[in-house]
1. Need one number: nm distance between label points at A:GLU6 and B:ASP75, each 7 Å from Cα along Cα→Cβ, rounded to one decimal.
2. Place a +1 charge on the Cβ of each Lys and Arg in the protein assembly as shown and a -1 charge on the Cβ of each Asp and Glu, then give the dipole magnitude about the Cα centre in debye, rounded to the nearest 20.
3. R0 = 51 Å: FRET efficiency of A:LEU213 with A:GLU23, Cβ-based, nearest 0.05?
4. What does the charge add up to near B:PRO269, with Lys and Arg as +1, Asp and Glu as -1, over the other residues with Cβ less than 14 Å from its Cβ?
5. From the label point of B:TYR40, set 7 Å along Cα to the beta carbon, how far off in nm is each other copy's matching point, shortest first?
6. With springs only between Cα atoms under 10 Å, which of A:GLU229, A:GLU23, A:GLU191 fluctuates most in a Gaussian network model of chain A?
7. Report, in order of residue number, the helices in chain A meeting two criteria: a C-alpha extent of 27 Å or more along the helix axis, and a mean Kyte-Doolittle hydropathy of at least -0.5; treat each whole DSSP H run as one helix.
8. In whole Å, how far is the Cα centre of the stretch B:152-226 from that of the stretch A:37-102?
There are 2 protein chains.
Amino acid sequence: MFRIGEFARFTRVSVKMLRHYDEVGLCQPAQVDPATGYRYYTVDQLPRLNRIVLLRDLGFGLDQIADLLIRDDADLDRVYAQREAALVDSVARLQAQLRAVQARREMLRDTAPDDLPDVVVRPVDSMLVATLTGGADDDVAALFYRLESYVRDQHARAGRPPLTLLPEPDDETVTAIVPITWLVPPADDIEIKLLAAVPRMACAVYQGGYAGLPGLLQRMLHWLDRTGERPAGPIREVYLRFGAEAELGLPSTFLTGGRDDLVTELQVPLADR
Amino acid sequence: MFRIGEFARFTRVSVKMLRHYDEVGLCQPAQVDPATGYRYYTVDQLPRLNRIVLLRDLGFGLDQIADLLIRDDADLDRVYAQREAALVDSVARLQAQLRAVQARREMLRDTAPDDLPDVVVRPVDSMLVATLTGGADDDVAALFYRLESYVRDQHARAGRPPLTLLPEPDDETVTAIVPITWLVPPADDIEIKLLAAVPRMACAVYQGGYAGLPGLLQRMLHWLDRTGERPAGPIREVYLRFGAEAELGLPSTFLTGGRDDLVTELQVPLADR
DNA sequence: GCTGAGGTCTCCCACGGCGGGAGAGTCAAT
DNA sequence: ATTGACTCTCCCGCCGTGGGAGACCTCAGC
């Protein structure tokens with residue numbers, strides 16, 4: 001017969017935990033003095049407590065431990081398999097975090113802190129859009145002017161920001177894109193599409209004039225390198241806030257200054273891994 | 001100007017989180033309607049929120065994120081290094097759990113569930129003891145009888161269970177050990193020692209006759225194999241509850257039946273890794 | 001028998017990073 | 001004016017454990 005403190009020193013399970021295990025019915029003392037409430041344990045409790053500690057060290061929750069202590073049937077392996085899968089998952093997640101932290105540290109070594117791109121990976125939903133493709137040399141603002149005008153005339157403008165698809169290496173075109181709320185008829189070279197969802201999109205928000213975007217893109221690609229990610233699909237430039245000039249169709253040279261009111265997001269679709 | 005729901009869909013940060021970040025001062029809306037309490041966000045918040053999400057994905061706590069958002073000084077790398085170390089630690093811990101779960105699953109495949117040893121790794125404190133070493137063929141009960149008698153005569157018996165050190169391969173001796181409360185003079189071949197602490201001791205509790213112990217030991221060594229642990233030092237057999245016969249010096253053949261009142265713990269010291 | 005030290009009891013709070021839900025108020029379109 | 005979709009605040013729960021308050025118990029020494 002041990003009192004709780006002795007039993008705790010013995011098993012290296014804290015008094016608090018023993019009381020907690022008593023409360024949730026995991027490991028109840030052999031005897032409780034009805035007058036004083038003192039818990040008295042015996043060595044007979046040790047095998048059970050030992051199993052509890054083992055399962056706890058395996059990372060099971062207390063409710064699962066309670067389950068496992070009752071059942072000794074065949075789908076015991078199922079429970080272990082499930083725990084194993086959860087652990088594999090956790091390890092993978094932590095290792096991804098670790099790689100990300102290491103990549104950021106390395107980039108911190110040869111980049112000014114302010115130039116570090118804040119790259120976040122998140123899913124991006126599909127959206128219904130109107131698109132207008134032009135040559136890489138076309139005035140993007142002019143493309144948007146035509147596109148926005150058309151969509152507004154159809155009363156189909158969705159409350160989401162416009163974007164462009166950047167030209168890919170093998171391609172010399174830029175595509176202006178405007179989200180819409182429902183299907184409208186295509187017109188001339190304006191097409192209506194469902195822009196596919198991207199499960200893993202690397203996103204970085206940039207505040208400042210458009211002249212800074214190429215540098216940001218370069219740093220993002222550098223980031224991809226460091227973290228071992230591979231781009232998959234066209235890069236999106238999302239104009240979260242753009243100057244009134246863009247809407248008015250003024251030449252884009254107006255937009256290259258150091259302007260803090262412009263907010264743009266670069267999005268690079270990532271390949272699964 | 002976005003209301004909170006729109007901003008949430010946009011950034012894929014839940015409304016709950018945005019309110020939470022507001023409350024803790026991490027990311028406050030650009031404007032709050034004083035009459036209604038409605039939060040209004042602008043795209044200017046995006047860079048900051050993006051950084052918050054990035055740091056959160058790196059596994060930083062919200063308080064650390066708040067720190068990191070203020071400081072852009074040189075010991076920023078220290079914070080990242082610290083986070084990296086914590087991650088390395090977590091990964092190692094989870095991988096250890098994973099190995100343990102896998103080992104248990106594998107052993108479950110070719111062992112009856114009841115025969116699975118519940119092996120727990122825990123530190124064991126040093127203790128002051130009286131020891132008496134005999135040949136492997138000596139009657140262990142007789143050794144204990146002499147030892148317990150001597151210690152009791154000195155009024156030095158500590159309230160901890162007696163144990164033996166099992167013979168090692170190169171050695172043919174068994175050592176009986178009894179914990180004591182303070183230094184007493186040695187006598188004959190009874191020695192007084194400080195049994196060293198063991199930081200990582202593999203422990204398994206066994207309930208039943210002593211005939212079952214060799215099998216348990218074998219399964220424990222099998223477990224060591226599976227988990228890649230290496231034994232380091234003599235194996236201890238701790239008699240958590242033993243029959244009155246042992247104290248009375250009766251022949252040990254009395255103790256080999258299928259007796260559930262006997263509780264014994266096998267302890268294998270593990271090498272660091 | 002008294003006192004003091006050290007156990008032990010129960011009950012409540014805290015942690016972190018949210019999610020869920022209740023009950024009330026707001027916004028925008030019909 | 002009604003309706004339905006949002007939004008507000010406030011409170012609780014999670015999960016396993018530690019900390020602490022205030023009261024009670026045990027045991028040993030005087």
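The values are calculated or read from the model by the stated rules, or taken from the named source; none is laboratory data. Note that the structure is predicted; figures quoted are calculated from it, not measured. Backbone-built Cβ (ideal geometry, glycine too); neighbour counts: all protein chains shown. Areas reflect the complete protein model, heavy atoms only, side chains present, ligands, DNA and RNA absent. Shrake-Rupley method; radii C 1.70, N 1.55, O 1.52, S 1.80 Å.
1. Label-label distance for A:GLU6 and B:ASP75, simple model: 4.9 nm.
2. So the magnitude is around 1100 debye.
3. 0.30
4. -1
5. 7.2
6. The residue that fluctuates most here is A:GLU23.
7. Going by DSSP H runs, the hits are A:76-109.
8. 29
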